[in-house]
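*Asks:* One structure, pasted below without further comment.
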Amino acid sequence: MTHLNKDKLRRSLRRKSGILRLFVLLTSLVVSAAAAAEVRLENSVQKVETFVADNGEPQRRLVDVDSVVPGDELRYTITFTNTGTEVVDPGSIVITNPIPEETEYLEDTAFGAGTEIVFSLDGETFAVPAALTVVQQGVEVRASAKEYRSIRWTFQPELKPGESSYVSFNVRLE
């Protein structure tokens, strides 16, 4: 059975997006040059654990990742903070994050308050899920969430100095 330890997960996460300080355009985060703001990204990963509550109902909670095995569900969270002195213009924060290798995206788990969320099958062309298609046995069909390779969030509100927000998504380890 394959086990990934916490350090390997963090290294993988850092390889994918890292902690960044920005003034202008970068691959993982785009802040319009006119905004003249600094935006810092912080990434975290937690395991989604299911347990039985006192009332006998199954519940879910996020826990620190010590080790994971295939089948475990993980939540990736990207927190972004305006560390500059200027307001970041509405719609000028764009975060693109690949789906980590050896995982599959879990449908309908991408979240970001005030964001427009689109997906990609190749990491280059992004669209809403209904517009993503693949060819199976010669027929064009809607792509499944398992086929997504990247997620892009466009934060619609302005982000004032000192303010933060976050985006997140869940995957299952293959």
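*Asks:* State, as an integer percentage, the relative contact order of the range 108-174 based on alpha-carbon contacts under 8 Å between residues 6 or more apart. Don't jump to the answer; show the numbers that get you there.
*Replies:* Working: 87 pairs, mean separation 29.3, N = 67.
Relative contact order here is 44 percent.
*Asks:* Using the Karplus equation 6.51 cos²θ - 1.76 cosθ + 1.60 (θ = phi - 60°), what ³J(HN,Hα) coupling, rounded to whole Hz, does each residue of the range 67-81 give in order, writing x for Gly and Pro?
*Replies:* Residue by residue, the range 67-81 yields 7, 9, 10, x, x, 5, 9, 10, 10, 9, 10, 10, 9, 10, 10 Hz.
*Asks:* What are the residues whose amide H is under 5 Å from the amide H of ILE93, where those residues sit 5 or more places off or on another chain and H is modelled from the backbone?
*Replies:* Answer set, sorted by chain and number: PHE155.
*Asks:* Provide, as a two-decimal number, the C-alpha radius of gyration of the range 116-157 over 2.2 N^0.38 Å, N being how many residues it has. Could you put the intermediate results ahead of the total?
*Replies:* Numbers: Rg = 11.3 Å, N = 42, 2.2 N^0.38 = 9.1 Å.
Dividing the Cα radius of gyration by 2.2 N^0.38 Å gives 1.24.
*Asks:* Kindly put ILE117, ILE93 in sequence by how many other C-beta atoms sit within 10 Å of each C-beta, fewest to most.
*Replies:* ILE117, ILE93
*Asks:* If you don't mind, there's one more thing I want to ask. Within a 10 angstrom radius of the beta carbon, how do VAL171, VAL39 rank from fewest other beta carbons to most? Mind showing how you got there, number by number?
*Replies:* Details: VAL171 21, VAL39 25.
With the sparsest Cβ surroundings first, the list reads VAL171, VAL39.
*Asks:* Please compute the length gained on full extension between LEU121 and ASP66, using 0.36 nm multiplied by the number of residues separating them and subtracting their Cα-Cα distance.
*Replies:* Roughly 16.8 nm would be gained on extension.
*Asks:* Using a basic spin-label model with each label point 7 Å from the Cα along Cα→Cβ, how many nm lie between ARG40 and THR83?
*Replies:* Result: 0.4 nm between the two label points.
*Asks:* I've got another one for you. Output the peptides 50-59, 77-86 sorted from most to least packed, where packing is the average of other Cβ atoms within 10 Å over each peptide's residues. Write out the running numbers ahead of the final one.
*Replies:* Working: 50-59: 8.0, 77-86: 17.5.
Final packing ranking: 77-86, 50-59.
Here, each number is a calculation from the coordinates, and none is a lab measurement. Note that this is a predicted model, so its numbers are computed, not measured. Methodologically, a virtual Cβ is constructed for each residue, glycine included, from the backbone with ideal geometry; neighbour enumeration extends over all protein chains shown.
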